[in-house]
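Quick notes on the structure that follows.
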Amino acid sequence: MLTYVAIVLDGLVYASWLFMVSVGLTLIYGVMKILNIAHGSLYAIGAYTAASLVGAYFSAGYVPVLSFAVLVGAALAAGLVCGLVIERGVLRFMYGQDEVLMILVTYAIFLILEDLIKVFWGVSPYFAFQPYGMLGNFDVMGLPYAGYDFLLMGLAGLTGLGVWWSINRTRTGHLLTAVIHDREMSTAMGVNVKRVYTVTFVIGATLAALGGAFTAPKISVTPGIGVEVIVLAFAVVVIGGLGSIGGAMIGALLVGILRAAAVHLLPEVELFVIYAVMALVLAFRPYGLFAAPEARKI
Amino acid sequence: MGVRRTRRQVRRVVALLFGAVLLFQAPPGVTAAASGDELLVGCLFPMTGRGGLYGRDSVAAIEMAVAEVNADGGVAGRRLRVLVEDSKSKPAYAVQIAERFIRRENVHFLCGAVSSAVGLAVSDVARRRQTIFVGTDHASSRLTGESRHPYYFRVSNNTRQSMAAGARYLAELQARTGWRRIGFIGPDYDYGHVMWRDMREQLDALGVDYEIVVELWPKLYEPDFTPYIDAILDAAPQILVNGHWGGDAVQFIRQAGNLELFERMRFFNFDAGGNYEVMAALGDEMPLGVVLSARHHNNWPDTEANRRFVNRFYEHAGRYPSYAAEGAYAGIKAIAQVVGEVGDPRDTDELIAALEQLRLKLPEDPEGFTSYMDPETHQIVQMQAIGEVVPNRAYPPATTMLGNWRVYDAEQLSGSGDVVHRETASPTQ
């Protein structure tokens with residue numbers, strides 16, 4: 001019984017993290033039809049910014065509990081700056097191009113950012129572990145769980161709720177939905193599609209940075225952390241359906257629970273299960289679990 | 001129609017991603033081939049990521065060794081020069097670098113490699129190109145066991161030796177406490193798997209009665225060990241053997257400490273957990289009393305030679321060395337010594353014969369012992385000291401070091417009996 005409780009809790013923690021790092025990717029694809037490979041680098045920049053600022057914050061001896069606000073501030077700063085620079089500086093010149101070309105463009109941005117991270121932060125690991133231990137541990141049937149992991153679950157839930165509410169209950173969200181359904185018609189109706197794109201990309205970049213910032217206290221922040229994230233986030237959004245927020249949530253839950261089950265019950269297949277699920281979904285529903293087949297315009 | 005289009009797009013995306021990854025792997029060019037009056041060594045170390053410190057410490061120690069050798073007039077009338085490239089801890093990439101070292105730079109020796117996976121890949125290049133590869137740090141016993149060949153030598157302890165010492169420690173502990181339930185967590189590549197195999201074989205050979213209750217294989221450079229730690233706590237072993245090194249060991253110990261693992265079981269890492277890097281990174285978070293070891297210790301043996309090496313490294317690099325430094329130092333010193341004896345760095349057969357008879361006094365050798373090469377396996381024979389973490393602020397930024405040492409005899413660890421006989425029965429040629 002304890003093993004199954006541990007699987008569910010570990011799965012939920014991992015799923016929360018997966019959702020945090022993949023929701024921005026699927027949002028950008030849904031609106032802009034860009035599979036943003038640089039998403040991994042934005043996550044890494046969020047993590048590095050948070051690690052640097054949290055380190056400086058604690059060195060200065062400020063109130064520890066406000067370090068969580070530093071994490072949010074780091075994510076906002078990294079997401080806004082990088083999102084705006086990438087969208088205004090590169091992507092806006094490429095709109096309307098083939099999706100595959102856009103992948104190459106974002107891949108190039110990814111490579112540049114990976115090197116810039118090394119130039120700016122060096123190659124030694126950064127640690128921002130202080131916030132992780134501040135919430136203490138919770139005892140679940142004799143197993144200690146870090147309070148920080150429950151914070152991550154709550155944050156993922158809030159993020160999902162926030163994105164859902166923004167899309168379904170706000171004017172900007174309705175504009176996004178209109179652009180998702182028909183960009184040309186939206187333009188004809190007076191929607192400033194370019195501004196919608198800018199806002200969407202910056203939000204997506206900030207969500208990636210938020211994922212990185214709140215992951216930083218759990219990990220050692222080292223060069224290359226963005227590479228793994230983009231592969232996992234890609235698996236999650238492919239399983240859920242490219243462009244589907246709900247799909248990203250279900251994809252994250254599926255991958256999170258299966259991975260936790262593998263770790264506890266059959267550790268040898270831990271990595272295999274993630275990509276086996278992706279392969280199965282692609283084989284039977286190439287558009288993912290929650291995205292609808294896309295009709296081609298003639 | 002739409003579905004077909006989506007499917008096509010996904011295929012194109014996957015193909016492009018693979019293509020991009022392959023492009024990303026292409027190694028940079030290296031320059032300056034060996035001239036006639038040089039002894040040229042090509043080394044591969046990771047310079048970035050969690051293994052990056054090992055590479056940087058290795059390079060600093062190589063600089064020390066090269067300066068010493070050249071200050072003494074070089075080797076057989078030649079100036080010693082070492083080329084270093086970043087292996088990126090990727091075997092395929094390292095193979096390309098090693099090929100370039102041999103074919104374009106005409107290096108006389110290959111050296112280095114921290115990851116055993118990289119070591120195995122480079123060792124295969126050495127075998128095919130008939131170029132001597134001196135392994136300085138990677139520890140999988142496979143390289144001097146099933147995969148050994150005439151052109152490969154290793155100058156630091158391997159996993160069989162460290163696990164032989166660890167198994168003896170655990171056998172003594174069982175005699176005192178009667179523990180029986182054991183668990184293992186280690187990185188999911190050759191090093192981790194071979195280490196656990198070596199440990200089980202040594203425990204069996206010593207007649208230790210044990211039950212394996214958990215065995216976990218997170219990938220190398222796993223960012224978050226939380227689910228694995230939960231699985232260990234759930235299985236509740238009395239003894240946990242850990243096979244992580246570098247940043248992975250730091251990350252695992254930090255997270256395990258947060259989740260109270262050390263209060264529930266005895267923790268051991270006999271191969272790399274006692275590396276100075278781990279204590280320096282964890283500072284006050286390092287749990288006291290856990291039992292660790294490493295291939296070189298800054299505070300053992302307490303000899304003039306070891307103190308001199310550690311202090312000189314500190315003066316040179318501005319930090320205390322991780323064990324990788326002494327391995328790299330030993331590799332360059334070994335190469336210089338045998339070329340000095342043979343004279344011609346291209347006389348591979350004579351160099352192999354000289355390396356098989358190598359005796360090399362190293363900083364990690366206690367008084368009265370000199371490291372030597374096992375001519376059969378090409379594995380250096382050294383002593384192994386296992387210690388408990390105790391408070392010690394003599395090597396900042398670490399606030400703990402190992403102490404309460406138990407020292408295991410080199411011949412006892414270098415192996416005899418079924419395991420070595422099985423592995424030496426069919427060497428790779």
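The values are calculated or read from the model by the stated rules, or taken from the named source; none is laboratory data. These numbers come from a predicted model, not from an experiment. Heads up, the Cβs are rebuilt from the backbone with ideal geometry, glycines too, and the neighbour counts pull from every protein chain shown. Keep in mind that these areas ignore ligands, DNA and RNA; they rest on the heavy atoms of the full protein, side chains included. Shrake-Rupley method; radii C 1.70, N 1.55, O 1.52, S 1.80 Å.
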query = If you project the alpha carbons of region A:2-282 onto the principal axes, what extent comes out on each, in Å, largest first?
reply = 61, 47, 35
query = Along its principal axes, what span do the Cα atoms of the protein assembly as shown show, with the longest given first and each in whole Å?
reply = 87, 61, 52
key: When region A:45-203 is reduced to its Cα atoms, the Kirkwood hydrodynamic radius in Å   = 18.8 Å
query = Once the Cβ-Cβ distance between B:Ala71 and B:Tyr314 is put in as r, and R0 is 22 Å, what FRET efficiency do you end up with, to the nearest 0.05?
reply = 0.70
inquiry  = Let me check I have the definition right: for region A:185-265, take the eigenvalues of the Cα gyration tensor, multiply each by 5, take square roots. What are those semi-axes in whole Å, largest first?
reply    = 31, 18, 9
ask   = Over the Cα atoms of chain B, what is the Rg over Rh ratio if Rh follows Kirkwood?
value = 0.99
task = Would you kindly compute the Cα radius of gyration of region A:21-70 and its largest Cα-Cα separation (Dmax), both in Å?
result = 15.1, 45
key: Environment charge of B:Ala76, counting only residues whose C-beta is closer than 13 Å and scoring Lys/Arg +1, Asp/Glu -1   = -4
request  = State the extension gain, in nm to one decimal, for the chain segment bounded by A:Arg88 and A:Val140, taking 0.36 nm per residue of separation less the distance between their alpha-carbons.
outcome  = 13.9 nm
message = Buried accessible area between A and B (1.4 Å probe, both chains summed, ligands and nucleic acids excluded), in Å² to the nearest 100?
response = 4100 Å²
task = First select every other residue whose beta carbon is under 10 angstrom from the beta carbon of B:Arg406; then total the charges, Lys and Arg +1, Asp and Glu -1.
result = -1
request  = Within the set of other residues whose C-beta is less than 12 Å from the C-beta of B:Phe270, count the net charge using Lys and Arg as +1 and Asp and Glu as -1.
outcome  = +2
key: region B:75-169: radius of gyration over Cα atoms, expressed as a fraction of 2.2 N^0.38 Å   = 1.14
query = Packing-wise, with mean Cβ within 10 Å as the measure, how do A:133-141, B:274-282 rank, highest first?
reply = B:274-282, A:133-141
ask   = Given the options B:Leu288, B:Leu80, B:Leu402, which has the most mean-square fluctuation in a GNM of chain B, springs set between C-alpha atoms less than 10 angstrom apart?
value = B:Leu288
query = Per residue, what volume in Å³ does the Cα convex hull of region B:205-332 take up?
reply = 148 Å³
key: Volume of the Cα convex hull of region B:164-260, divided per residue and given in Å³   = 91 Å³
message = Cut-off 10 angstrom, C-alpha nodes, Gaussian network model of chain B. Which of B:Ile212, B:Ile335, B:Ile380 fluctuates the most?
response = B:Ile212
request  = Enter the mean projected area of the convex hull around the alpha-carbon atoms of region A:142-298, in nm², rounded to one decimal.
outcome  = 12.2 nm²
message = From the C-alpha coordinates alone, can you work out the Kirkwood hydrodynamic radius of region A:3-104, in Å?
response = 15.9 Å
key: Sequence-separation-based contact order of region A:2-282, relative, with Cα cut under 8 Å and 6+ spacing, percent   = 41 percent
request  = Can you tell me the FRET efficiency between A:Arg171 and A:Met1 if r is taken as the Cβ-Cβ distance and R0 is 35 Å, rounded to the nearest 0.05?
outcome  = 0.10
request  = Taking 7 Å along the Cα-to-C-beta vector as the label spot, tell me the A:Ala283-B:Ala394 distance in nanometres, rounded to one decimal.
outcome  = 6.2 nm
remark   = Projected onto their principal axes, the Cα atoms of region B:266-319 stretch, largest extent first, over whole-Å spans of 35, 20, 15
ask   = Where does region A:53-108 land on the Kirkwood hydrodynamic radius, alpha-carbon pairs, in angstrom?
value = 13.7 Å
key: Convex hull per residue volume in Å³, alpha carbons only, for region A:1-47   = 80 Å³
